[in-house]
């Protein structure tokens with residue numbers, strides 16, 4: 001899984017989002033998840049610490065799966 005933060009107000013951002021939407025319609029394996037700032041902040045914080053305890057890892061994966069639905 002790859003997370004890309006895109007500024008939707010720029011030409012490049014608009015073009016990337018439109019391309020991703022077209023590809024998501026035509027191909028499996030591409031999903032667009034609308035902004036979930038809380039999940040993003042948790043991912044960012046976890047990336048900075050680089051290590052998670054087992055309960056944190058389990059909770060994080062549950063939240064990630066729920067956000068992907």
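The values are calculated or read from the model by the stated rules, or taken from the named source; none is laboratory data. As the structure is a prediction and not an experimental result, all values here were calculated from the model. Note that we place each Cβ from the backbone using ideal geometry, even for glycine, and neighbour counts take in every protein chain shown.
Restrict the check to the range 48-60 and report whether at least one residue is modelled with pLDDT under 80 and surrounded by 12 or more Cβ atoms within 10 Å (Cβ to Cβ).
The answer is yes, given that some residue of the range 48-60 is modelled with pLDDT under 80 and surrounded by 12 or more Cβ atoms within 10 Å (Cβ to Cβ).
Please indicate, with yes or no, whether at least one residue in the range 9-17 is modelled with pLDDT of 85 or more and within 18 Å of residue 69 (Cα to Cα).
no
Criterion first (under 19 Å from residue 8 (Cβ atoms) and modelled with pLDDT under 85) does residue 31 satisfy it?
Yes, satisfied.
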